Amino acid sequence: MNIILMGPPGAGKGTQAANLVKEYGCAHISTGDIFRKALKEQTKYGVIAKYFIQFGHLVPDDYTIAMVREHLKENEFPNGFILDGFPRTIIQARELESIAKEFKFQIDAVLNLDVDFDKLTKRLSGRRTCRECGATFHDEFNPPKQVSVCDACGGELYQRPDESEEAVKVRLDTYTKQTRPLIDYYTMKGEITNINGDQSMEEVFNEIKKSLEGK
């Protein structure tokens, strides 16, 4: 099963993608993870992406498409995959359709997690990430047992530059201008399912599973 998982920053796409991986055995393809790996390894794409990511802007379509295409070409997905963070624009969506034809796969579901923006700002600006293992915590909703220390591995917790309150506002504004039209695009094609993301993680996932029945 191949799924596009959409929603604004902080809507819980990563959490629900992990649930989907566990439930269906599909691979999680996160453009955020791909970009951060490129940043760490200082690849040509990583150098270009650094400027845009640190200020909360979307990486330009050409570079994003090229990286996703490369990832899909170099890996196998026997149980399908979840696209998290791609496509983010109509240009990317149309290019994905071309890639699907080229690599002979189809998208089985387009899921959109819908959450109020004020709540998203609070979610994101309070989030902390482990420098070592990547585990995430939240100052209010999921605090670590020890301040600034990861429960999982003991690594240092930090606030990502793109999760400062100022960067979050930029990210949500960018989402509204560039990504929300994508919801209209898939709605007109009759391919999108809107999921109420303003519920508990368990309730959201139950709604997702129900929407995938028979896929």
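The values are calculated or read from the model by the stated rules, or taken from the named source; none is laboratory data. Since the structure is predicted, the reported quantities are computational estimates derived from the model, not experimental observations. Here the Cβ positions follow ideal geometry from the backbone for every residue, glycine too, while neighbour counts run over all protein chains shown.
Residues are listed down the side, and each one gets a yes or a no for (1) crowded, with 16+ Cβ neighbours inside 10 Å; (2) hydroxyl-bearing (Ser, Thr, Tyr); (3) more than 26 Å from Met67 (Cβ to Cβ); (4) touching a Lys or Arg at 6+ places or on another chain (Cβ under 8 Å):
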position: Lys104; (1), (2), (3), (4): no, no, no, no
position: Asp114; (1), (2), (3), (4): no, no, yes, no
position: Cys133; (1), (2), (3), (4): no, no, no, no
position: Gly155; (1), (2), (3), (4): yes, no, yes, yes
position: Glu165; (1), (2), (3), (4): no, no, yes, no
position: Met188; (1), (2), (3), (4): no, no, yes, no
position: Glu202; (1), (2), (3), (4): no, no, yes, no
position: Asn206; (1), (2), (3), (4): no, no, yes, no
position: Leu212; (1), (2), (3), (4): yes, no, yes, no
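Of the residues making up the stretch 14-60, those that are part of a helix (DSSP H, G or I), modelled with pLDDT of 90 or more and either buried (at least 17 other Cβ atoms within 10 Å of the Cβ) or not acidic (Asp, Glu) (or both) are Gln16, Ala17, Ala18, Asn19, Leu20, Val21, Lys22, Tyr24.
Among the conditions (1) surrounded by fewer than 17 Cβ atoms within 10 Å (Cβ to Cβ); (2) among the basic types (Lys, Arg); (3) under 20 Å from the mean Cα position of the chain (by Cα), Arg171 misses just one, which is (1). None of Ser148, Ser125 is buried (at least 18 other Cβ atoms within 10 Å of the Cβ) and either polar (S, T, N, Q) or over 19 Å from the mean Cα position of the chain (by Cα) (or both) except Ser125.
Taking the condition surrounded by fewer than 19 Cβ atoms within 10 Å (Cβ to Cβ), within 23 Å of Pro161 (Cβ to Cβ) and in contact (Cβ under 8 Å) with a residue 40 or more places away in the chain, does Phe86 pass? No: the conditions fail for Phe86.
Failed condition for Asn79, given (1) in contact (Cβ under 8 Å) with a residue 40 or more places away in the chain; (2) surrounded by fewer than 17 Cβ atoms within 10 Å (Cβ to Cβ); (3) in a helix (DSSP H, G or I), with all others met? Here Asn79 meets the rest and fails (3). As for the stretch 138-152, it holds no residue that is of a type outside the set (Val, Ile, Thr) and touching a residue at least 40 places away in the same chain (Cβ under 8 Å). More than 22 Å from Glu191 (Cα to Cα), over 15 Å from the mean Cα position of the chain (by Cα), charged (D, E, K, R) and at pLDDT 90 or above, is that true of Glu132? In short, yes.
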